[in-house]
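Provided herewith is a single structure, encoded as structure tokens, for subsequent inquiry.
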Ligand SMILES: Nc1ncnc2c1ncn2[C@@H]1O[C@H](COP(=O)(O)OP(=O)(O)OP(=O)(O)O)[C@@H](O)[C@H]1O
Ligand SMILES: [Mg+2]
């Protein structure tokens, strides 16, 4: 294959994985903006999305089109309960103790997944077959297109929610100035609950659409969570476009690194970017210093 | 309309309000004056449900509202314009005003009524109209104060609590804001509780006043009497406050 075609190939598959990182990253950012904490259980929502779908398909023989929304619903419920049982009772706690609670929650969810199901890796069928499609000499799988399409829809919905609905604006108000938000009558605790619900749903969908490509198991949440976190850090913890770009950049760099250097370096790239950003541009790649996070 | 009886509020062990009692009749403008740390902000936040009192009663239109959550208090018709304006800086002027009406969105036909009220706010403060799409944080202090007042009005309050609205503003802007407060009372019958350090100007605007010192009400009475009161003159109306502190 020519270098040009090869690069295009890496670019396309990198964009698809990057889209997944973007969705996970947005989940991190939404909760961060509502609460000021990093939810280390975010990767577990992603894992649960894939695993619950596999379980519904295999054990309950549901068709894919029914299993997916049901799985999203179940994981959303997990996010809801997680906030109600683990986060809300500690609302007065310091951020660091809340972060530790989310780490605990992450270990718990992972353990439960292992107990309920198993330690094996599972595959999910592609949404519409595996016949590759040729684009200017490079090949993409139909699942890649599904990923890009669904991500585009979710990001558009997300953008619409935060800039055109009163609930979305109320969530932004809470992250901007919680005291003032309470004074106009916004129930800040409800917005925190909302943020967990939305993030769980987005994480679950990310986990479902990526599972046909990468397989899934009880422990995929750790690495996917880290990649999503990296996307959010590149994006300066924005719940909008900057984090989407962060995810895409990370996905493409990983894919290029794996293809041109060695696949052994793939996961190291996220760590290196994470450290570089935190040291050199803690406000994110695109943010001005001290700018408002939206 | 509003009655506080023997209110005690604590921040941990700090006893910020000690047996505070005060009342407002419908349509009154009442001011609360006192030095830094006297507890003025705490009184407003106790009414708003942000720092609930540990003892005492707050009656609003004969209903007990002590320890209600802030959103319930707003719903009953009490809005606060907080100290330091506290607008949503990264959001536009329009969005700030919409958020002021947050609790009204669930009602039927809410959107049209909210739009209409927003137009009224723009008539009250034409400068906000010019800046609809601008991020609130990029406006001047006076404009942010107008926005904070407009945001509170979007909830259609019967009682408006204002915390040092004149702080850091040029005299001309302060005049404009005080004029709007008078207009609100005259045209809409809004009752106003106004916290100020700028005692002279506010006592000319208000009907009655309370003087607060270290968490206690030490004086109360009609505004014109307070203006003439020797104690108030010494502590709050001196031409140069610093001189008095240093003495
Ligand atoms: N969050 C808090 N934690 C502990 N103590 C507080 C807190 N907020 C206020 N206080 C204390 O309560 C007392 C009253 O404070 P408050 O803010 O009500 O005063 P104020 O009259 O509004 O002052 P200023 O004119 O400076 O705004 C002060 O002694 C202050 O130190
Ligand atoms: Mg104060």
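Laboratory data are not the source of any read-out in this text; all were calculated from the coordinates shown. Owing to the predicted nature of the structure, the values given are computational and were not obtained by experimental measurement. Here the Cβ positions follow ideal geometry from the backbone for every residue, glycine too, while neighbour counts run over all protein chains shown.
Would you please calculate the Kirkwood hydrodynamic radius of chain A over all C-alpha pairs and express it in Å, rounded to one decimal?
19.4
In addition: Tell me, B:85, B:234 in order of fewest to most beta-carbon neighbours within 10 Å?
Fewest to most other Cβ atoms nearby, the residues stand as B:234, B:85.
Across region A:152-294, what fraction of all alpha-carbon pairs, as a whole percent, falls in each successive 5 Å bin from zero upward?
2, 9, 14, 19, 19, 16, 10, 6, 3, 1, 0, 0
How much mean residue ellipticity at 222 nm does chain A get from its helices, if each DSSP H run of length 4 or more adds -39500 (n - 2.57) and you divide by all residues, to the nearest 500 deg cm²/dmol?
-23500 deg cm²/dmol
Arrange the following residues from fewest to most other Cβ atoms within 10 Å of their Cβ: A:40, A:45.
A:40, A:45
I'd like the orientation of helix B:171-188 relative to chain B: the angle between its Cα long axis and the longest Cα principal axis, in ° from 0 to 90, rounded to 10.
Approximately 70 degrees, to the nearest ten.
Taking every residue in B:65-76, how many Cβ atoms of other protein chains lie within 10 Å of its Cβ, on average?
3
Under 10 °C and 1.306 mPa s, how fast does region B:85-156 diffuse according to Stokes-Einstein, given a Kirkwood radius computed over C-alpha pairs? Answer in µm²/s, whole number. Provide the component values of the computation, followed by the final result.
Values: Rh = 11.8 Å.
Estimated via Stokes-Einstein, D reaches 134 µm²/s.
A follow-up question, please. Roughly how crowded by other chains is peptide B:91-98, in terms of the mean Cβ count from those chains within 10 Å of each of its Cβ atoms?
Counting other chains' Cβ atoms within 10 Å and averaging over B:91-98 gives 3.
Among A:84, A:172, B:108, A:189, rank each residue by its count of other Cβ atoms within 10 Å, from fewest to most, as a rough exposure measure.
In increasing order of surrounding Cβ atoms, one gets B:108, A:84, A:189, A:172.
Further question: For the protein assembly as shown, list log₁₀ I(q)/I(0) at each q in 0.07, 0.11 Å⁻¹, using the Debye formula over Cα point scatterers of equal strength and ignoring solvent, two decimals each.
-0.51, -0.97
On a 0 to 90° scale, report how tilted helix A:142-164 is relative to the longest principal axis of chain A, with both axes built from alpha carbons and the result rounded to the nearest 10.
Once rounded, the angle reads 20 degrees.
Helix A:3-35 versus the longest principal axis of chain A: what is the Cα-based angle in degrees, 0 to 90, to the nearest 10?
The answer is roughly 20 degrees.
What does the helix-only formula give at 222 nm for chain B: each DSSP H stretch with n ≥ 4 adding -39500 (n - 2.57), the total divided by the residues, and the result rounded to the nearest 500 deg cm²/dmol?
Mean residue ellipticity, 222 nm, calculated: -11000 deg cm²/dmol.
Provide the packing ranking of A:115-121, B:45-51, i.e. peptides ordered by the mean count of other C-beta atoms within 10 Å per residue, highest first. Intermediate results must be reported in sequence, preceding the final value.
Working: A:115-121: 11.3, B:45-51: 22.0.
Most protected by this proxy first, the peptides run B:45-51, A:115-121.
Can you tell me which of B:129-138, A:71-80, B:2-11 comes out highest on packing, and rank the rest after it, using the mean Cβ neighbours within 10 Å?
Values: B:129-138: 14.8, A:71-80: 20.8, B:2-11: 17.4.
Highest to lowest by the protection proxy: A:71-80, B:2-11, B:129-138.
Counting only other chains, what is the mean number of Cβ atoms within 10 angstrom of the Cβ of each residue in peptide A:184-191?
Other-chain Cβ atoms within 10 Å of each residue's Cβ, averaged: 6.
For chain B, count the residues as N, evaluate 2.2 N^0.38 Å, and divide the Cα radius of gyration by that value, please. Show your work: numbers first, answer last.
On the way: Rg = 17.9 Å, N = 247, 2.2 N^0.38 = 17.9 Å.
Against the empirical 2.2 N^0.38 Å value, I get 1.00 for chain B.
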